[in-house]
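Bear in mind these aren't lab numbers, they're just calculated from the coordinates by the rules spelled out. As the structure is a computational prediction, the values presented were derived from the model and not from experiment. Glycine also receives a Cβ, built like all others from the backbone with ideal geometry; neighbour counts cover every protein chain displayed.
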Number of protein chains: 2
Amino acid sequence: MAKGKDWQRLMGYRENPRPGGRSARVQAAVHQSVRDMLATMDRADVTIPLIAQRANVTPSTIYRRWGDLQALLADVAASRLQPEGEPARIGSARDDLEAWVEQYADEMASGVGRRMLRDILSAADGANAEKCSGYTQHQLAVLIARAEETGEPFPTQTELMDHVISPIIYRILFDQAPGADYVRELIAKVMPEGALKGGSARTSRATR
Amino acid sequence: MAKGKDWQRLMGYRENPRPGGRSARVQAAVHQSVRDMLATMDRADVTIPLIAQRANVTPSTIYRRWGDLQALLADVAASRLQPEGEPARIGSARDDLEAWVEQYADEMASGVGRRMLRDILSAADGANAEKCSGYTQHQLAVLIARAEETGEPFPTQTELMDHVISPIIYRILFDQAPGADYVRELIAKVMPEGALKGGSARTSRATR
DNA sequence: TCCACTAACGCAAATTATTTGCTTTTGTGC
DNA sequence: GCACAAAAGCAAATAATTTGCGTTAGTGGA
C-alpha cells in the first residue's frame, strides 16, 4: 500500500497547474462534502468513499489528488483556518490584540478547532502546518503595523508568537482549553514596560 | 468502517486488565516491530499487516487491541518519549535546566522526535498527548525541587511550560528546529530577576 | 495443585478501502 | 475551432479492516 507516497511533488501537482472550471468544481465539492460530514457524523466514520459519494465524484479522483484521508482533512482544515479578514478595530492596539487573540484561542480550543489543528499537524506533508502558522503571523503583523502607526508600544512578532500563541496552542494540543483571563495574562506579560492597559496600572484588569 | 470506534473505553481495556505473560509479550513484540519498521522503512509503507507479520502476531489482534495504526503509533511514541531517568546534575539549577531543555529540544526537533510528536497528537484519543506532557512536567518538577533545596531563584513550572517548552514545541510542529542559543534565550527570559548566569551578568553567555 | 472462568489471541470468511491501467471528458493555448 | 494534455471516470485487481467463532492461557478460588 501507499507506494506512490509523494507523487504530488514528483509530478508537479501543485497549486495551479490547471485551476480551470472542472478541477475547481471538484475541489469545492469535495471540500464541502468533507465539511458537511465532519459536522454531522463522527470523524471516525468519515471515509474517502463516503466523501466521494456525497461530492458526486469517484473515489479514485480523491486518492489521486490528495493521496489519503489525512492529507485531505489537513487541506480542508487549512482552508477553514484561513482568516476571513483583518483583526477588528476595537480601540487601542492592545485592545485589538486582546480581542483578536481571545477569539483565536476560542476558535482553536473549540472541538472543531482542536480537531482541525490535529488534522493539520498529522498530515505527512508539513506544508499545511506552515501555511496555518503563516496566517497567524500575518494577522499579528497587521496588528503590529497598526501599533507602529499610532506609536503605541507593542511586542514584536517573535514575542507574540513565542509567548502568547505558542502557550495557547500547546495547552490546546496537550492539555485543555486556555481561558480568556489566561490569554489576557499572557498578553500583559509580553507588553513592553510602560505600556498601560486602558488608563490604569499595568496589571489592572479593571477597565473593560 | 470504524464502527466500534471507542470500544477500548466501552469495555475497560485500560492499562492492566490482565497484564500477565502473553499479553505483555504481544505488546512488547508489536512495539518492537513498530520501532524496527519505523527505523528501516518509510513511514507511509508501515501497515498493520506488516507490523503483525514481523511481530508474529495476527493482524486482528492489533486491530482489536489498538484500534488503528494511528493509535498504535501514538502508543509506541508515547512509550518512547518516556524519560529514562531524572535530568542530569551538571552544576547550578540553571545549568541543569539549560542542559535538560537543550537535550529535550534536540530530541523533539530531530526527525524521529518530530514524527513521534505528530503521531501522538494525531491520535483520536488525547490520552497519550497528556501523558507525554505529563512526563515533561515531571522532569521540570524535579529541577524545580532541586532549586528549592539549594535556595536558587527559579521559574515556576507554569512559566517554564508556557515560555520555554511551548515555544519550542510550537516551532518544531509548525516551522523548523529551534537552535541551542534560542533555547538559552528563552530560559534567560524566564529566570527570575536577580538570578545570575554562572558568576557574571544576567544575559552573559561567557561561562560554560 | 487443580479447576473454572474469561480475557486475549488465532483463524478465516466477509466486507470495505485503496491502487492502477485504461478510457473519456474538458480546460487551455494557439 | 483544433490539438494537446491535465484531470476525471470506470472497473478490475489488490490490500486492509472487520467480525464471528474456536482455542489458548493468565487469574483467582478451592
Say a label goes 7 Å from Cα toward Cβ at B:Asp175 in every copy; what distances in nm does this one have to the rest, shortest first? 2.3
Cα gyration tensor, the range A:92-133 - rounded (a/c under 1.5), prolate or oblate: oblate
Assume the label is 7 Å from Cα along Cα to beta carbon: what separations in nm does A:Arg115 have to the matching positions in the other copies? 2.8
In peptide B:118-128, how many Cβ atoms from other protein chains are near each Cβ within 10 Å, on average? 4
Note: A:174-183 gets an average of partner chain Cβ contacts (10 Å, Cβ to Cβ) equal to 3
Hey, got the average number of other protein chain Cβ atoms within 10 angstrom for residues in B:160-171? 6
Find every distance from the label point of A:Ala145 to the corresponding label point in the other copies (7 Å from Cα along Cα→Cβ) and write them in nm, one decimal, shortest first. 5.1
Protection-proxy order for peptides A:65-71, A:36-42, each taking the mean of Cβ atoms within 10 Å per residue, highest first: A:65-71, A:36-42
Nearest to the axis that maps chain A onto chain B: list the chain A residue whose Cβ wins, with the distance in whole angstrom. A:Ser122, 1
For the range B:84-190, what class follows from the C-alpha gyration tensor (a ≥ b ≥ c being the square roots of its eigenvalues): rounded when a/c is under 1.5, otherwise prolate if a/b is larger than b/c, else oblate? prolate
Classify the range B:15-67 as rounded, prolate or oblate from the Cα gyration tensor: take a ≥ b ≥ c as the square roots of its eigenvalues, call it rounded if a/c is under 1.5, otherwise prolate when a/b beats b/c and oblate if not. prolate
Which residues does the label zone of A:Ala88 cover in the range A:98-132, counting backbone N under 19 Å from a point 7 Å along Cα→Cβ? A:98-110
